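Asker: Sharing a structure here in structure tokens format.
The values are calculated or read from the model by the stated rules, or taken from the named source; none is laboratory data. It should be emphasised that the depicted structure is a prediction, and the values quoted were computed from it without experimental measurement. In this analysis, Cβ positions are derived from the backbone assuming ideal geometry, glycine residues included, and neighbour counts consider all displayed protein chains.
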Amino acid sequence: MTPRHFLTLKDLSSAEFKQLLHRAIELKKMQHDHLIFEPLKNRVLGMIFDKSSTRTRISFETGMAQFGGSSIFLSPRDTQLGRGEPVADSARVISRMVDCIMIRTHSHDNIIEFAENSKVPVINALTDDFHPCQLLADMQTFLEHRGDIQGKQVAWIGDGNNMCHSYINAAVLLDFKLTVACPEGYEPDEEIVKQAGSRITVLRDAKEAVKNADLVATDVWASMGQEEEQKKREKAFEGYQVNEELMALAASDALFMHCLPAHRGEEVSAAVIDRPDSVVWDEAENRLHAQKALLELLLS
Ligand code: CP
Ligand code: NVA
């Protein structure tokens, strides 16, 4: 049987995505109530990390432990993958032993190749092109604080990166309007934008993009792997900081989200991210609950 993978949000139907968000909220309540629920007893998650992580690693490891299973952290320093063993061979071998594999890597083609050769579900825990797990958490957070996102207005400010691409996919699946404001040369992938049709607008002016927005989201200007472009990007993204002045143009109850880690004083001001009702901490916590709902969907 071909396993069910989660490489982008488009591996879910709209109905499944919504159901998963509601399930995540249920699982969160169960965990906060200290209920023991172990649907993945004896199941093992392999976790391949080619890039750094705090939230993703901790949320997946904790989620598997809470579900009665376990996980193995695999860094390129310790595996033969890091010494050049082919991706396909690694996928064939690892997937004969574990029940599910989570991968954070550079090229999205790598994860596609891995999934094609895996006997068990593969989860994208971030590639250069997509970060679908983060959107599960972001959309759960919006649902908790503001209800259904359908028909709402979302502004993405900054880089047309992996997070932006996943916001575009979410806009299609959950039917919200997305306005992306980015400097020239940092637009999201043309093909991904085209597929989203009329739900998405790409423009230059951040002020225009946040007008009446119910949710304003941003991310670092230089993603993992782009560290040497930091200075150049700081210049290019001048005027794209989400600060109080910009938030004042959004809806009066607009939420601010950031996948974290954040650079205060660059893409976001401290005043915005640290305001007392900031939901970014819920957003980070929800990685745990949303991914547990995902693991349940893929494995039970
Ligand atoms: N947001 C996110 O994926 O965080 P980490 O890089 O810490 O996993
Ligand atoms: N766009 C960022 C997200 C980090 C969670 C990166 O890829 O580094």
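Asker: Assess whether A217 counts as being within 22 Å of the chain's Cα centre (by Cα) and either under 22 Å from L143 (Cα atoms) or surrounded by fewer than 17 Cβ atoms within 10 Å (Cβ to Cβ) (or both).
Answerer: Yes.
Conditions (1) under 20 Å from the mean Cα position of the chain (by Cα); (2) surrounded by fewer than 23 Cβ atoms within 10 Å (Cβ to Cβ), marked per residue:
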| residue | (1), (2) |
| --- | --- |
| M163 | yes, no |
| Y167 | yes, no |
| A170 | yes, no |
| V180 | yes, no |
| E187 | yes, yes |
| V193 | yes, yes |
| T201 | no, yes |
| R204 | no, yes |
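Asker: Looking for whichever is under 18 Å from I103 (Cα atoms), buried (at least 16 other Cβ atoms within 10 Å of the Cβ) and either of a type outside the set (S, T, N, Q) or more than 15 Å from the chain's Cα centre (by Cα) (or both) here; the options are A290, A250, A262, A284. Which one fits?
Answerer: Only one candidate qualifies: A290.
Asker: Determine the pairs where a residue that is among the polar types (S, T, N, Q), located within the stretch 238-265, has a partner that is within 16 Å of ligand 2 (Cβ to nearest atom) with Cβ atoms under 9 Å apart, the partner being 6 or more residues away or on another chain.
Answerer: Q241/I157; Q241/G158; Q241/T218; Q241/E266; Q241/E267; Q241/V268; N243/V268
Asker: Would you confirm whether or not the stretch 105-115 contains a residue that is at pLDDT 95 or above, of a type outside the set (V, I, T), within 23 Å of S75 (Cβ to Cβ) and over 19 Å from the mean Cα position of the chain (by Cα)? Break it down stepwise before answering.
Answerer: Initial filter on the stretch 105-115 (at pLDDT 95 or above): 105-115.
Filter again for of a type outside the set (V, I, T), leaving 106-110, 113-115.
After this cut, where a residue has to be within 23 Å of S75 (Cβ to Cβ) as well, the list is 106-110, 113-115.
With over 19 Å from the mean Cα position of the chain (by Cα) added as a condition, the list becomes 113-114.
Yes, there is a match, as at least one residue in the stretch 105-115 is at pLDDT 95 or above, of a type outside the set (V, I, T), within 23 Å of S75 (Cβ to Cβ) and over 19 Å from the mean Cα position of the chain (by Cα).
Asker: Right, another one. Which condition number in (1) within 16 Å of ligand 2 (Cβ to nearest atom); (2) in a loop (DSSP other than H, G, I, E, B) is the one that A284 fails?
Answerer: (2)
Asker: Would you check if there is a residue in the stretch 239-260 being among the β-branched types (V, I, T), modelled with pLDDT of 95 or more and in a loop (DSSP other than H, G, I, E, B)?
Answerer: No: the stretch 239-260 contains no residue that is among the β-branched types (V, I, T), modelled with pLDDT of 95 or more and in a loop (DSSP other than H, G, I, E, B).
Asker: Moving on. Looking at this structure, is Q291 at pLDDT 95 or above, within 16 Å of ligand 1 (Cβ to nearest atom), over 28 Å from L12 (Cα atoms) and in contact with a helix residue (DSSP H, G or I) (Cβ under 8 Å, 6 or more places away or on another chain)?
Answerer: Numbers: at pLDDT 95 or above: yes; within 16 Å of ligand 1 (Cβ to nearest atom): yes; over 28 Å from L12 (Cα atoms): no; in contact with a helix residue (DSSP H, G or I) (Cβ under 8 Å, 6 or more places away or on another chain): yes.
Answer is no for this residue.
Asker: Scan the stretch 139-165 and report the pairs whose first residue is within 29 Å of G185 (Cβ to Cβ) and free of Cβ contacts under 8 Å to residues at least 60 places away in the same chain and whose second residue is within 16 Å of ligand 1 (Cβ to nearest atom) and assigned to a helix (DSSP H, G or I), with Cβ atoms within less than 9 Å and a gap of 6+ or a chain change.
Answerer: Cβ pairs passing all conditions: none.
Asker: Got a sec? Which of Y186, Y167 is within 24 Å of K211 (Cα to Cα), among the hydroxyl-bearing types (S, T, Y) and either within 16 Å of ligand 1 (Cβ to nearest atom) or modelled with pLDDT under 95 (or both)?
Answerer: Y167
Asker: Would you tally the residues in the stretch 1-51 being surrounded by fewer than 18 Cβ atoms within 10 Å (Cβ to Cβ), over 26 Å from L173 (Cβ atoms) and either at pLDDT below 95 or in contact with a helix residue (DSSP H, G or I) (Cβ under 9 Å, 6 or more places away or on another chain) (or both)?
Answerer: Selection size over the stretch 1-51: 5.
Asker: Another question about this same structure. Show me the strands (runs of 3 or more DSSP E) entirely contained within the stretch 116-229 in which 1 or more residues are within 16 Å of ligand 2 (Cβ to nearest atom). Don't jump to the end; show me each part of the working.
Answerer: On the way: elements: 122-124, 153-157, 177-181, 200-203, 215-218.
It comes to 122-124, 153-157, 177-181, 215-218.
Asker: Need the failing condition index for D148 against (1) more than 9 Å from the chain's Cα centre (by Cα); (2) surrounded by 24 or more Cβ atoms within 10 Å (Cβ to Cβ), just the number.
Answerer: Tallying (1) more than 9 Å from the chain's Cα centre (by Cα); (2) surrounded by 24 or more Cβ atoms within 10 Å (Cβ to Cβ), D148 fails exactly one: (2).
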